[in-house]
Structure formats: structure tokens, C-alpha cells
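Asker: Here's a structure for you.
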Amino acid sequence: MRRFSIFFCVLALICSVSCENKVSVPSQEISDSGADSMPDEDEISDNDPDTAQEPLFDLKVEKNDKNVLSCRLTFSTAGERKTFVKYYSEKHAGYKIGEEEAKNEHYFFLWGMRENRDYKIEIYSDEENPELLATTGFHSGKVPDSIFPMSIVTNEKESVQPGFLIVAQQSEPDEERMEPIVFMVDTDGFVVWYFEHRIPGFSLLGDPFYRKKQNTIFLGVQKGLMDDIQAEEGIEIDLEGNIVWQSPDLPGSFYSEQTWHHIYRILEDDTILFVRAQYQGTTVSDRVVNVDKDYSELWNWGYFDLPDYFSTVECQNPDDYWCDWTHTNSAMMFKDKGVAYVNSLWLGFFKIDISTHEVIWKFGKDGDFTMLSDHQFPWPAGTHDPKFMDASGKRLLFFDNGMTERFYSRIIEYEINEDTMTAEITFEYDGLDSGHGWFAATGWGDVEYLENGNFLVTKGYVVAPQNSSVFELTRDGRVVWEIYTYQKDGFMIELYNARKFMPPLEFLNE
């Protein structure tokens, strides 16, 4: 389960910019820095034939105060030209980014840098034989202290999915040290991007998701101690850190009936799917809600609506005042197929008819499928964030906490046949044979399919001396990449989930 609180601190962001000319570039401007020697104004004239032939002018590098690991590059060309930029440092191979069309006024947002590095920026004409038009530089700043460092422990680069890992920090047991921040690390474990977002009251960020077509990050705002404070519960930002959308201001704290818990997702049709708590007396259940970006409600579904199907209320801990009955931690919605899927930590995984709201089937112990595999523990027992491998819906993947019978965590994949209503285990990994086992005893945890066929696993909430980590796993059971979260003196950063994606950057060779 997610718990959180926050304190506010003052951050000092230090960034400087430098410029080095490899070709003659008139009217060059460098923001917030001391530039290299520049020509006098009376030496630059539009009537000067040498100056008029310069390939570009008005070159400017500007730091980004929202993220000091990035900068803005602008320049002009006398004629319309298509250009690209390379930027790299002595110990970071860096990236290439290009334009899609020729133009006179050029703008590049350069990001993905590692902290406190001198980056060389090279500007080229984009043609069969590229011409180096100009060079300049930028010194990246310091990562905020609110980001706790992560450390790489395994990195078999030839077997690892390239890209950036995006995470939102959460913590147990010292929640007061957390900040509302989301960040990215590269495959070598360096922080290369971050975003901070503070609102009145207390909040953390959650469920960050990179939208490839929009080139934006969509994420939820988990609100605490804010029952009477109006504030947004979701935002969408561009990579520069500008908010391009935010939800209407609403009151309500995490696990209230007014705001979301566990998931806050954007769907293909640009609508939002989330889970809200629903109460009857002291029984806590959930309602899955779909809204548009103006928060007009499009669809909702809840367990209390189907008393004939969900006829028995069982509390996970009968001694608690609140009866934790359904504990929904995930939902998916496929409007083109007319179905939704809802995952309850305690009850199982359900397929729902969107139109009738009826349960089509249940997957799990005492469900509607017959298990074909011979296994001591064939069914999941406390799952997080299931997902399908592809649109066929035949492969179903779970992070299985094992909280009700095994008491160790695992990754398990099934092949399901809805014609015969049978299921078969196609992959399982628990790490017990290799000494890599773990137990997310109080929940959390996530697994994702990666483009190269591997799995990305977020361990969830483990207990020291175990390390909370994110690792990449092959289908033959090898851990080829792993990054540990921060742990010291009984304090450990825990992650609810993590995702890896390929950024819109061309990676230069290391």
C-alpha cells in the first residue's frame, strides 16, 4: 500500500554556460555565463561580405531552471536549412537530435545530460555531406538533493534494453524525507532528467508514464492531509518541465472518495482512468472511473454495484477498524473491444463488460479458468499491475507478491485460452535458486514487458537488509541489469513501480 507525507526544503540550483567557437559565428549570445572572446559590435556589419556569408548567427544557449540537466539552443540561418545537433562530454557519449524540416529560425531542447559536466555542442547542416556550422558549450548543473542516489550493481550492456528508467520516489519507513519529484536514470545509473511539483498541503508524484506520440510525461499527484484544500490530482508536462495540462482543482486526500489511489492512467483516446476508494460503513471498497480531461465522467464501475456476484465481504485483517475488502490496485480499459479489466489484491483479476458492467470472468484461485500446468502454487496470491503482452490478450503477466500463501514474491506469466477457459504457466521467476529471491511483504511491486523481450521488475516494498531495486530479467532467468535504491542506517527508498522507455534522442556510441 502507498503511504506518504512530505516536508519542504530549499534547493540551490547551480548552472553555468560556456561557449567555444570553432567557426566564425557573429552576434553570438550566451545566457547567464561568461562567454569566450566575442567580436566588437563595430566589427559585425550586415554589409560586411564575410559576415553575410556566415552559416549561422544569433547563437544562444540558455539554461533551463526547471531542470539544470538541460538547456535551450537557438540560432538563425540566412537561408532555410535543415540542421542537427550533437552534444557530449568527455565521459558521456551523449546524443544527436535533428530537425524534420528546413527553416530559418532554429530551436533545440538539449536534455538527458549527466550532472556537473562540460558538454560540447556541435551544430551541423543535415545533408548528405554534413557541414559543421558552429560549436558551443554548456555546463550541466547539480541534481537536487531531494533525489536519493541509485547504484548500478549489474549491467550486461549487450543484453539490456536501451533507454531511460523513469521513477517516482516513495519511501518507508521515513516518509517525512520524501519530496514530490519524478526523475529518469540512464542504463549506467546516472540521473539525466527530473521534475519537481509542489502544491499546497502535502503531496507525492506517482505513476509517471511517457507518452511517445505526444512526447510528454503524464503523472498523478498523490495528495495527503488535503481534505479541505483544492488542488490538482494529475498533470501532463513536456520534457522541458512545462505543464501542458492539469486536472481541475479538487479537495480530498489519498484514499478518500474524492481523489485517486494506486493508479492514474491516460488512455489512447486521451481520457483518464483511475481508482477511487468507496466506503460503506467501515468497509473499504473501490470504484474504477473514466473521465475526460475536463473531468466529465464517462464510465464507472464498483464492487458494491454487483451484490449478487460479490456477495461475501471478507476483511483482510478482521482486527482492523477499517475492513480492507477489495484493495484494487490496477485497471485497464479497451473501449474498442468493449471490455475493462480490474485487479483486486485480495479477490483476483476480473474481465468486465463495459456496457453491462457484468463480470465476464475471474482469473485466479476459485476463478473461471482451469489450470493445465502442474505447480505447487499455480495461481497468483496478491498481485500488482497485471498486463497483457499484446493486443491478442493471450499472454497475461503478474507481479505476484505471494502474501496469502507462499510468502515470497515472483514474476509469473500465463497463456490463457478464453475459448476453452484454460490457463497454462509460460514463465516464472522467483530468484530462489540463484539467491536473488525477495518478498514484497506489504505490497507494491511491478513488472513490465520490454521491447527486447526482457522483463523490467520493480521489487516493491522489501525489508532491510534486502535491497529494494529495479532489475531487467531475460526469459532464460538471467538478471542482466539491476539498480539499487538508496539505503542507509535503516532508511531505504522504495519504489511502487518503474518504467523504461526509449527517449526521442539518438544515442551516440560510448
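Asker: Assign one of three labels to the range 137-207, namely rounded, prolate or oblate, based on the Cα gyration tensor with a ≥ b ≥ c the square roots of its eigenvalues; rounded applies when a/c is under 1.5, prolate when it is not and a/b is larger than b/c, and oblate otherwise.
Answerer: On the way: a/c = 2.24, a/b = 1.55, b/c = 1.45.
Prolate, since a/c reaches 1.5 and a/b exceeds b/c.
Asker: OK, next. Give the Kirkwood hydrodynamic radius (Å, one decimal) of the range 227-369, defined as one over the mean of 1/r across all pairs of different Cα atoms.
Answerer: 16.3 Å
Asker: Here is a further query. If you roll a 1.4 Å probe over the heavy atoms of the protein chains, what accessible area per residue do you get for the range 288-432, in Å²?
Answerer: Here the per-residue accessible area is 46 Å².
Asker: Need one word for the range 390-510: rounded, prolate or oblate. Basis is the Cα gyration tensor (sqrt eigenvalues a ≥ b ≥ c); a/c below 1.5 gives rounded, then a/b vs b/c decides. Before the final figure, lay out each step's value.
Answerer: Values: a/c = 2.04, a/b = 1.16, b/c = 1.76.
In terms of gyration-tensor shape, oblate.
Asker: Just to check I understand the Karplus step: with θ = phi - 60° and J = 6.51 cos²θ - 1.76 cosθ + 1.60, what whole-Hz values come out for the range 349-365, glycine and proline as x?
Answerer: Karplus-based 3J(HN,Hα) across the range 349-365 equals 10, 10, 9, 10, 7, 4, 6, 8, 6, 7, 6, 7, 7, 10, 10, x, 4 Hz.
Asker: Please list, ordered by chain and number, the residues whose modelled amide H lies under 5 Å from the amide H of residue 443; skip anything fewer than 5 residues away on the same chain.
Answerer: When sequence neighbours closer than 5 places are left aside, the close amide H contacts are 461.
Asker: Short version: ³J(HN,Hα) in whole Hz for each residue of the range 416-425, in order, from phi by Karplus 6.51 cos²θ - 1.76 cosθ + 1.60 (θ = phi - 60°), x for Gly and Pro, what are they?
Answerer: Taking θ as phi minus 60°, the curve returns 10, 10, 7, 6, 9, 6, 10, 9, 9, 6 Hz for the range 416-425.
Asker: Per residue of the range 238-248, in order, report the coupling 6.51 cos²θ - 1.76 cosθ + 1.60 (Karplus, θ = phi - 60°) as ³J(HN,Hα) in whole Hz, putting x for Gly and Pro.
Answerer: Whole-Hz 3J(HN,Hα) from phi for the range 238-248: 8, 5, 7, x, 7, 6, 9, 7, 9, 5, x.
Asker: Given only helices, namely DSSP H runs of n ≥ 4 each adding -39500 (n - 2.57), what is the per-residue ellipticity at 222 nm of the chain, to the nearest 500 deg cm²/dmol?
Answerer: My calculation for the chain gives 0 deg cm²/dmol from helical runs alone.
Asker: Same structure, new question: Work out, in µm²/s and without decimals, the Stokes-Einstein translational diffusion coefficient of the chain at 20 °C, 1.002 mPa s, Rh from Kirkwood over C-alpha pairs. Numbers along the way, then the final one.
Answerer: Values: Rh = 25.0 Å.
Calculated translational D: 86 µm²/s.
Asker: How would you order 109-121, 480-492 from highest to lowest mean count of nearby Cβ atoms within 10 Å?
Answerer: So the order, starting with the most tightly packed, is 109-121, 480-492.
Asker: Shifting gears a bit: For residue 362, which lysines qualify as cross-link partners when the Cα separation must be under 29 Å and same-chain residues fewer than eight apart are set aside?
Answerer: Result set, ordered by chain and number: 335, 337, 351, 387, 394, 459.
Asker: Okay, moving on. Sorted by mean Cβ packing within 10 Å, highest first, what order do the peptides 430-438, 306-314, 258-266, 160-168 take?
Answerer: So the peptides 430-438, 306-314, 258-266, 160-168, ranked by packing, come out 258-266, 160-168, 430-438, 306-314.
Asker: Search the structure for amide H atoms under 5 Å from the amide H of residue 364, placed 1.01 Å from N in the peptide plane, and list their residues when 5 or more places away or on another chain.
Answerer: Distant-sequence amide H within range of residue 364: 369.
Asker: Sticking with this structure for a sec: Amide H to amide H, which residues 5 or more places from residue 131 or on other chains are under 5 Å from it, using H placed in the peptide plane?
Answerer: 125
Asker: Starting from the Cα of residue 96, draw a straight line to each of the lysines and keep only those under 29 Å, dropping any in the same chain fewer than 8 residues away.
Answerer: Correct list for residue 96: 22, 60, 63, 66, 82, 86, 120, 142, 157, 212, 213, 500.
Asker: Then there is this: If one computes P(r) from the Cα atoms of the range 328-386, what percent of pairs lie at distances over 18 Å?
Answerer: The answer is 37 percent, as a whole percent.
Asker: Could you rank the peptides 90-97, 248-255 by their average count of other C-beta atoms within 10 Å per residue, with the highest value first?
Answerer: Highest-to-lowest ranking by the protection proxy: 248-255, 90-97.
The values are calculated or read from the model by the stated rules, or taken from the named source; none is laboratory data. This structure is a prediction, so every number in the text was calculated from the model and none was measured. Please note: Cβ atoms are built from the backbone with ideal geometry, for glycine as well, and neighbour counts cover all protein chains shown. All accessible areas refer to the heavy atoms of the entire protein, side chains included, with ligands and DNA or RNA removed. Shrake-Rupley method; radii C 1.70, N 1.55, O 1.52, S 1.80 Å.
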